[in-house]
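Down below is the structure, laid out as structure tokens.
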Amino acid sequence: MSLEICTKLFLLFSSFCFNGVFAEGSGGTEGFEQYGRELSHYEGRSSHFFNVKSFGARADQLTDDSKAFRAAWKKACEAIGEVDLVIPKGNYLVGPVKFEGPCKNVSKITVHVKGYLKATTNLSKYGDGAGWVEFRWVEGLILTGGGTFDGHGAKAWPYNRCSTDFNCKLLPTNVKFVAMNRTIVRSITSVNSKFFHIALVECRHFKGSKIKISAPADSPNTDGIHIQRSSSVYFSQSVIGTGDDCISVGQGNSQITITGISCGPGHGISVGSLGRYRDEGDVSGLVVRDCSMTGTMNGIRIKTWANSPGRSAATNMTFENINMNNVTNPIIIDQAYCPFTSCTPKGPSKVKLSDIYFRKIKGTSSSTVAVALECSKGTPCQDIYLEDVQLELASGEKQVTSTCKNVNAKYIGTQIPPPCA
């Protein structure tokens, strides 16, 4: 065997050992060849490759691997050009961890989550409203890999007081994105979050697809995806079943597109709640299309608080080609929203709703009122369009009805239930 061939084999074998493959439990020639293919794949795509196991991650379900995750991210963020950070297969116990930028010399950073990440259940380690895994101020992030974020929420849900306390302490979100730009999230799973599963705050040019989200139907405030003060956001081809809104579009958002979402159980796809705080931003340019709701509390819902402290608006929103299967409130506008057990509104909502289109909404309702347009007396809804709405009672016993209040609605095509008198 020539010296050149021996040297190449030595270098390859050294790289194999250094990156912690033996710790993954890959045995024999098959594991070696598989790792060689993966390494070649990553090296072909970027000039920098980082494996959390090279920084001490144990993946034994007992050791907190947060320190190793932070160390790997620090090195990746300090690199130049395109970067790959890999969390290999395995079960990782992880406390709250922040992946922060800016990564000044990185053009693209891909985080390959292939393992199963388990959150610590010690709530004292988390800040109020913080994320368990949080990405901040990063340009060009890709989060992918088929891995799972398990929030172990069942032990935290009993401490959720938000149904009775207006100023409740917020539990941690599974994966939170703050002030991100040019982000892609693809092929990840989030289960049993303590609070929201995925949250976007002040993000731009964000694209998510092939995401799976799961939590029990009675888990509190476990919104699948929450979007706030963000723009140019696109979510598609995802399956969400949870205890609250499958997707909630909060205040200050523009140019949001949601398509191909399978929702249920949960509270449907919601705009809001809006109008809870002073100086909220407007919502505009929302498109929700080609989605299905199965066994959800709501289908498409717009919710604003009564007695809102400031004025804002939600306008230019389209909900199209939505299929309802045994949904309690398929189409609902609720401008006297209050999630608490007892509410005494002192005044009407000041959130102005206008230019809203419901098109091709079909399926079955589990309640007799399939369309409820309950708008604000102080700022009535304007230019609400319903086109080709066909909703039947799931039991088939009688025809569904609609209710309206303080709304200027226009009807086109098929209308089942009949328009409000």
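Bear in mind that the values in this text are calculations on the coordinates, not laboratory data. For clarity, every value in this text was computed on a predicted model and none was experimentally measured. Methodologically, a virtual Cβ is constructed for each residue, glycine included, from the backbone with ideal geometry; neighbour enumeration extends over all protein chains shown.
Structural remarks
- Gyration tensor verdict on the range 335-421 (Cα atoms; rounded if a/c is under 1.5, prolate if a/b is larger than b/c, oblate otherwise): oblate
- Annotation for the range 354-421: trypsin sites (Lys or Arg not before Pro) lying in DSSP loop with at most 11 further Cβ atoms inside 10 Å of their Cβ are LYS398.
- Structure-based [θ]222 nm, the chain - -39500 (n - 2.57) summed over DSSP H runs of at least 4, per residue, nearest 500: -3500 deg cm²/dmol
- Compared with the dominant principal axis of the Cα atoms in the chain, helix 28-45 is inclined by about 70°.
- Extended-chain gain in nm, criterion 0.36 nm per residue less alpha-carbon gap, TYR234 and GLU387: 52.6 nm
- Loop sites by DSSP among the chymotrypsin sites (Phe, Trp or Tyr not before Pro) of the chain, restricted to those with at most 12 other Cβ atoms within 10 angstrom, leave 1-165 as the longest stretch without any of them.
- Given LYS75/LYS210; LYS74/LYS155; LYS303/LYS377; LYS176/LYS350; LYS360/LYS410; LYS155/LYS207, the pairs whose alpha carbons are separated by over 22 Å: LYS75/LYS210; LYS74/LYS155; LYS176/LYS350; LYS155/LYS207
- For GLY266, net neighbour charge (Lys/Arg +1, Asp/Glu -1) across residues whose Cβ lies under 9 Å away: -3
- For the range 303-311, the Karplus equation 6.51 cos²θ - 1.76 cosθ + 1.60, evaluated at θ = phi - 60°, returns couplings of 10, 10, 6, 6, 6, 5, x, x, 9 Hz by residue, with Gly and Pro reported as x.
- Here the label points at HIS152 and ASP290, each 7 Å from Cα along the C-beta direction, are separated by 3.9 nm in the simple model.
- Against the empirical 2.2 N^0.38 Å (N residues), the range 251-360 has a Cα radius of gyration ratio of 1.06.
- Label zone of ASN91 (point 7 Å out along Cα→Cβ, amide N under 13 Å): in the range 148-191 this covers 150.
- The gain in end-to-end length when the SER367 to CYS338 segment is fully stretched comes to 8.4 nm, 0.36 nm per residue minus the alpha carbon separation.
- Calculated FRET efficiency for the pair LYS346/SER209, C-beta based, R₀ 30 Å, to 0.05: 0.10
- Kirkwood-based shape ratio for the range 147-245, expressed as Rg/Rh from alpha carbons: 0.97
- For the range 211-281 and the range 170-184, distance of Cα centres in Å: 13 Å
- Close amide H partners of PHE206, meaning residues 5 or more places away or on another chain with modelled amide H under 5 Å apart, are THR183, VAL233, TYR234.
- Virtual spin-label span in nm between ASP218 and GLU82, 7 Å along Cα→Cβ: 4.9 nm
- Two-decimal log10 I(q)/I(0) for the chain, as the Debye equation yields it once each C-alpha is a single scatterer, q = 0.06, 0.11, 0.13 Å⁻¹: -0.29, -0.83, -1.08
- Helix axis angle, 3-18 relative to the chain longest principal axis, alpha carbon, degrees: 40 degrees
- Net charge of the neighbourhood of MET297, taken over other residues with C-beta under 14 Å away and scored Lys/Arg +1, Asp/Glu -1, is -3.
- Springs join every pair of Cα atoms under 10 Å in this Gaussian network model of the chain, and among SER349, SER312, SER395 the largest mean-square fluctuation is at SER395.
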